[in-house]
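This is the structure I want to talk about, given as structure tokens.
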Amino acid sequence: MMVRNKRVLYIVLLAILTVVMAGCGSTASSKAKMVQGKVNVVTSFYPLYEFTRNIGGEYVNAINLVPAGVEPHDWSPKSRDIKNMTQAQVFVYQGAGFEGWVQDFLGSLSADSTLKVVEASKGADLIKTTENKEEYDPHAWLSPLNAVKMANNIKMALIEADPAHKDVFEQNYTEYAAKLTDLDARYKKEIALTSKKEIAVSHHAFAYLCRDYGLTQMSIMGLSPDAEPTAQDLKKMNEFLKEHGLKYIFFEELVSDKLAKTLAKDAKVDTMVLNPIEGLTDEQMKAGKDYISIMDENLKNLVIALQ
């Protein structure tokens, strides 16, 4: 009987420990809390969090779902994340097929839910994919002018949620939109001066940059950064590098750079970062980097590669 009681006690303690450990998970919103007196906004990934934070200022409590250093394409929310979303006043997601889990979440909301849902990419100038012309490339935030439209969608939701601070949200949006417009002007000016107009990338995420600034991308992988390239894909990349005399293959920080570096070694070229800004690393957060500063780093690297 004593042995049985000890076993029961052990199982109970193990269950408690499991729950405690689950509560210490690494999801970005697991430690986040709703704040009374502010508009609580949950965003699906980093750029939307950044836009919300700049527009909302002191009157908004923004919670980013995807943890630092995690690639968001295949991320899905845990129970604590879903709780945060249902308790918030506003939920912002990218749309255009970027977050595969969103439709299930929206379908689970009760009929009397007051959650304001913002599809940030709605109204942005989207590009249809070459793989399926009924689908869109979701990486619209990499166009600063699209970012202006996405920020406006967020602003309108904040005004609806908190009309008393409409003037503040309007002013914050105007100031941030001006910064994005200036960013676009820097890209146009500096890329126009480069001699090359082709880039080799690991992830097919830069269609908007290419469209806006007259570039052409060749990617190792497709729209998903963990897609497996075929031998034919690698052959085409080698041919593209040689044909255009390229000296760099761009890779991104949240996905393994092993394949890009292997291909670069075989092709006798170097690698360099081109960040799709799907999330920040812990180091970038600690350094105070943000969407605009990383877009400027991207511009600097593009100018080097395009000379």
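The values are calculated or read from the model by the stated rules, or taken from the named source; none is laboratory data. All of these numbers come straight from a predicted model, not from anything done at the bench. Backbone-built Cβ (ideal geometry, glycine too); neighbour counts: all protein chains shown. Please note that ligands, DNA and RNA were not included when accessible areas were found on the heavy atoms of the full protein model with its side chains. Shrake-Rupley method; radii C 1.70, N 1.55, O 1.52, S 1.80 Å.
Could you tell me the center-to-center distance, by alpha carbons, between the stretch 56-106 and the stretch 169-207 in angstrom?
25 Å
Most fluctuating residue of L274, L234, L209 in a GNM of the chain with Cα springs under 10 Å: which is it?
The residue that fluctuates most here is L234.
Can you tell me the order of 136-147, 294-305 when each peptide is scored by its average per-residue count of other Cβ atoms within 10 angstrom, highest first? Please list the in-between numbers first.
On the way: 136-147: 23.8, 294-305: 17.6.
So the peptides 136-147, 294-305, ranked by packing, come out 136-147, 294-305.
Heads up, I need the accessible area for V66: 1.4 angstrom probe, whole protein in place, Å², nearest 10.
10 Å²
Hey, got the dipole for the chain? About the Cα centre, +1 on K and R Cβ, -1 on D and E Cβ, debye to the nearest 20?
780 debye
Pulled fully out, how much extra length does the chain show between K197 and M34, if you take 0.36 nm times their separation in residues and subtract their Cα-Cα distance? It would help to have the intermediate numbers written out before the result.
Working: separation 163, 0.36 × 163 = 58.68 nm, distance 4.66 nm.
Extra length available between K197 and M34 comes to 54.0 nm.
How much accessible area per residue does the chain have, counting only protein heavy atoms and a probe of 1.4 Å, in square angstrom?
Ligands and nucleic acids excluded, the result is 52 Å² per residue.
Which whole-number percentage describes the relative contact order of the stretch 126-254, with Cα contacts under 8 Å and a sequence gap of 6 or more? Spell out each step's value before the answer.
Values: 140 pairs, mean separation 28.2, N = 129.
Here the relative contact order equals 22 percent.
Quick one: of the DSSP bridges fully inside the chain, what percent are antiparallel, nearest 5?
Numbers: 2 of 23 bridges.
Just about 10 percent of them are antiparallel.
At E228 and E175, where each label point lies 7 Å from the Cα along Cα→Cβ, what is the point-to-point distance in nanometres?
5.1 nm
Follow-up. Given only helices, namely DSSP H runs of n ≥ 4 each adding -39500 (n - 2.57), what is the per-residue ellipticity at 222 nm of the chain, to the nearest 500 deg cm²/dmol? Let's see the in-between values first.
Details: 11 runs with 146 residues, N = 307.
That comes out to -15000 deg cm²/dmol.
Return the single residue from Y291, Y59, Y46 with maximal mean-square fluctuation; model: Gaussian network over the chain, springs between Cα atoms under 10 Å.
Top of the fluctuation ranking is Y59.
DSSP loop GluC sites (Glu not before Pro) in the stretch 244-286 with at most 15 other Cβ atoms within 10 Å of their Cβ, which ones?
Details: sites: E252, E253, E278, E283; in loops: E252, E253, E278.
Sites meeting the loop and neighbour criteria: none at all.
Name the lysines eligible as straight-distance cross-link partners of K265: C-alpha to C-alpha under 17 Å, and not fewer than 8 places from it in the same chain.
Hits, sequence-local ones excluded: K235, K236, K242, K247.
Sticking with this one: Of all accessible surface on the chain at a 1.4 Å probe, what whole percent is carbon and sulfur? Each step should come with its number before you reach the end.
Numbers: 8540 of 15850 Å².
Carbon-and-sulfur percentage of accessible area, whole number: 54.
Using a 1.4 Å probe on the protein heavy atoms only, what accessible surface does S108 show? Give it in Å² to the nearest 10.
The accessible area of S108 comes to roughly 80 Å².
Under a Cβ-only charge scheme (Lys and Arg +1, Asp and Glu -1), can you give me the dipole magnitude of the stretch 225-301 about the Cα centre, in debye to the nearest 20?
420 debye
Sticking with this one: Which trypsin sites (Lys or Arg not before Pro) does the stretch 95-142 hold that lie in a coil by DSSP with at most 10 other beta carbons within 10 Å?
On the way: sites: K116, K122, K128, K133; in loops: K122, K133.
Those satisfying the criteria are K133.
Quick one: if you stick a label point 7 Å off each Cα along the C-beta vector at A287 and K242, how many nm between them?
3.6 nm
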